[in-house]
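Step one of this worksheet: look at the structure below.
The values are calculated or read from the model by the stated rules, or taken from the named source; none is laboratory data. All figures in this text were calculated on a predicted structure; none of them were measured in a lab. So basically every Cβ, Gly included, is an ideal-geometry build from the backbone, and we count neighbours across all protein chains shown. Areas reflect the complete protein model, heavy atoms only, side chains present, ligands, DNA and RNA absent. Shrake-Rupley method; radii C 1.70, N 1.55, O 1.52, S 1.80 Å.
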Amino acid sequence: QVQFVESGGGLVQPGGSLRLSCAASGSIFSSYRMAWYRQAPGKQRELVATMSSGGSTNYADSVKGRFTISRDNAKNTVYLQMNSLKPEDTAVYYCNGYRSGHDYWGQGTQVTVSS
């Protein structure tokens, strides 16, 4: 069974950047569809970005042009580069891996955008 551990969250000023990382262990990482979700206080968890095992990407409209998802299969890691951050990007960000009908989640990392 795969396990995911996120890192890279923190406090950043509006307009700043952060890079989140999600390290996988325990399974064949390259075969997973990977995604980042986020959940703000009082709101439902929402999809931010996805990357297929073949490298295709999709983004929520709210982050297009500002966020970039990428993966390094040799390091079993998926990244989320976040630029031009806004206060409304404040949330707990979760790494998600999907394969063969199974979803796996990381524990989440807090991102706070505030001056």
| request: Go over the candidates 42, 9, 15, 55 one by one and state the one that is farther than 17 Å from residue 104 by Cβ and either surrounded by 15 or more Cβ atoms within 10 Å (Cβ to Cβ) or touching a His at 6+ places or on another chain (Cβ under 8 Å) (or both). | output: 9
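Condition test on residue 115, is it in a loop (DSSP other than H, G, I, E, B), at pLDDT 95 or above and hydroxyl-bearing (Ser, Thr, Tyr)? Walk me through how you get there before you give the answer.
On the way: in a loop (DSSP other than H, G, I, E, B): yes; at pLDDT 95 or above: yes; hydroxyl-bearing (Ser, Thr, Tyr): yes.
Taking the combined requirement at face value, the residue satisfies it.
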| remark: Per the list (1) of a type in the set (D, E, K, R); (2) open to solvent by less than 20 Å² (accessible area, probe 1.4 Å); (3) touching a Ser or Thr at 6+ places or on another chain (Cβ under 8 Å), residue check on residue 71 breaks on (2)
| message | Restricting to segment 86-103, give me the number of residues that are open to solvent by 40 Å² or more (accessible area, probe 1.4 Å) and not charged (D, E, K, R). | response | 5
| query | Going by the structure shown, is residue 62 touching a residue at least 24 places away in the same chain (Cβ under 8 Å), in contact with a Lys or Arg (Cβ under 7 Å, 6 or more places away or on another chain) and not in a strand (DSSP E or B)? | reply | no
